[in-house]
Amino acid sequence: MSASPISVVKNLWGGELPEFESLDAVNELIGVLVNGLWNSLTRHQKRSDPFRLVRPTVTPTRDGLAQLALIRRQEIDGFFEGLFAGEEEANLPAKASAALDTLGEVRAMIAGVHEVASDASKPADLSDIATTMKHLRELTRITEIEINRVVLDCTRARRQMLGSIGTTRPTHH
């Protein structure tokens, strides 16, 4: 709920910022990670600009199916890693927690698709692959809905928390 871009960047290097050769190198890192990535991600805290997963062009083959499933699994894993920021658990609002449960189930299904599609010894004809690709598109839609539910619910809860801090007045006895 109180993530900071600098602490997230530090986590990329095990909790400490790396040494930089110049001020230009520091500014470049901050420009790319904080101003570019972090600020572009905060756009998705509004219902009018929902987060969307990448839309890679993949061939409707076993390899294409395996590739798409791997991308989707990695996207969900990356979302979880970013949300938890190295912690084992987080105190999240109820809707966000339920959405994470759904994302975990979707991730398991996608991991299963990747495992089967990556195993060339398993039979698969083009119609089965096309059907599974269609199911992956539906799982992509569900993933986006649930990621947005987490983001919006956490944003709402954070605003409420910050609002209550700003309106709390100390009492004097």
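Mind ranking 18-31, 150-163 by how tightly packed they are, going by the mean number of other C-beta atoms within 10 angstrom, highest first?
On the way: 18-31: 11.1, 150-163: 15.9.
Output ranking for 18-31, 150-163: 150-163, 18-31.
If you count, for each residue, the other Cβ atoms within 10 Å and average over each peptide, how do 102-110, 87-95 line up from highest to lowest?
On the way: 102-110: 16.9, 87-95: 11.3.
Result, highest mean first: 102-110, 87-95.
Projected onto their three principal axes, the Cα atoms of the range 67-173 cover extents of 77, 24, 16 Å, largest first.
Read-outs: derived from the displayed coordinates by stated rules, not from any lab. In this text the structure is predicted, and so the values were computed from the model without any measurement. Note that each Cβ is placed from the backbone with ideal geometry, even for glycine, and that neighbours are counted across all protein chains shown.
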